[in-house]
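To start, the structure under review is shown below, and the notes come after it.
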C-alpha cells in the first residue's frame, strides 16, 4: 500500500544506481518445488492435483535480463456500488483459479462515514471482461477492509489465504469462490515494527514459501526491505524480522515488494517499487535462495524491470507511474510461481497531471505484457 511519500514523482533524491544487497543469511535454499500433492475439496475451492495450482511448468525461455513492455488503456477502473464513490482502485493481487482471474484490490472511498481506505473483490474469465466485472465492496465482509492484499492457496492447510494490512493480518477461506467464506482477521507478525518518527510501521506484506520455510517480506518506507521467516509447518506464526537489503535513499527501495519462483529454473525473482526524482518504477533482483544473496537484474531508472523507460502504450499514454501491482502467476499456491515465457503485470497507474491529495489520486489498474 503506497504511502504519501513520492506520490508526485518529485520525491526521493537517490542516485539511481544499484542497491548493495546486504543479505543477513547465506543459508542455501533448495530452490525446488515443494513436495507433496494437493487434494480437491469438491467445492471448487482447492486446486486439484495437476491443475494450475501446482505450478512447475517447464518453460523453454529464460528469465530476461532486460525488459520491454506494452500496455493498453486501464483494464480496471473504480466501479462503486450504489451509494458509494471511489476515487481510485489500486494495490491489486491476482490469481487464476477455476477458470477465472480473481482480483482483490484497495479502493479509496470518498463517501464519508466509514469510507477511506477499503477494498473490493472481482472475478472475470478474460481481461477484456475485467472492467465490466462487478466490484464487490468488502467493508461488510468478516475481513473488513483488506488493504494492499495478497491472495494464494496454501496447500499444507488446504486453504486460501488473504494477507493484508494494517497491521499485518490474514484471513482464510476453504473456497475462493465463496465470498462469505473468509474468516475474521488474525495477527500475522509477532513483534511487528510500528511507526517511529518519520518511519512508518510495516506495510505491503508478501508471503512466499520454499520446500522448508515460509518468508514474509515487507517495507516501512525507510529505504530497507525486511523479512520474517518460519518453518512451513509453523505458518502463519511469524515472529521477529531482519533487514534483507538497504538503499542510500528511501525512494530507491520503497514499497510493494513481490517475490516469485521462476518456473523451469532454480531462480527467485524479487521486485521492489522505487522512485528517483521521477515517477514510480520497479527494480529487480534474482537469487537461487529466498535467503539471498540477491543479485541486481534490471534495477535502475534507466534499465528497470518496469517503468517509464521501458513501457510503451497503445492508444495513448495515461500514466507515468508503473506502481504497486503483481505478475500473473503460473500457479495459485504458496510457491508464487511465474512462467518467464508468458509474463504479464497488473499494475496501478494514474493521470500524471492530477494534483489531488494522495488518497484521492485517480489510480486505475493497467496490464503490462512483455514485448518479446
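Derivation of every value follows stated rules applied to the coordinates shown; laboratory data play no part. In this text the structure is predicted, and so the values were computed from the model without any measurement. Every residue, glycine among them, receives a Cβ derived from its backbone with ideal geometry; neighbour counts consider all protein chains shown.
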In terms of the alpha carbon gyration tensor, root eigenvalues a ≥ b ≥ c, rounded if a/c is under 1.5 and otherwise prolate when a/b exceeds b/c or oblate, the stretch 54-370 is rounded
So, with points 7 Å from each Cα along the Cβ direction, the residue 77-residue 110 label distance in nm works out to 1.4
1/(1 + (r/R0)^6) with r = Cβ-Cβ of residue 358 and residue 234, R0 = 45 Å, i.e. FRET efficiency to nearest 0.05, evaluates to 0.80
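Stretch residue 372-residue 132 to full length: gain in nm at 0.36 nm per residue minus the Cα-Cα span? Don't skip to the end; give the middle numbers.
On the way: separation 240, 0.36 × 240 = 86.40 nm, distance 2.90 nm.
Gain on stretching residue 372 to residue 132: 83.5 nm.
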If the label point sits 7 Å along Cα→Cβ of residue 266, residues of the stretch 273-289 with amide N under 13 Å come out as 287-289
Once residue 61 and residue 186 are pulled to full extension, the length gained, defined as 0.36 nm per residue separation minus their Cα-Cα distance, is 41.0 nm
Expressed as a whole-number percentage, the relative contact order of the stretch 84-224 with C-alpha contacts under 8 angstrom and at least six residues apart is 15
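Treat the count of other C-beta atoms within 10 Å as a stand-in for reagent exposure and order 95, 243, 151, 262 from fewest to most. Can you show the working numbers first?
Values: 95 26, 243 13, 151 23, 262 19.
Ordered by Cβ neighbours within 10 Å, fewest first: 243, 262, 151, 95.
Any chance you could run the full-extension gain for residue 351 through residue 295? It's 0.36 nm times the residue separation minus the Cα-Cα distance, nm to one decimal.
16.8 nm is the gain from fully extending residue 351 to residue 295.
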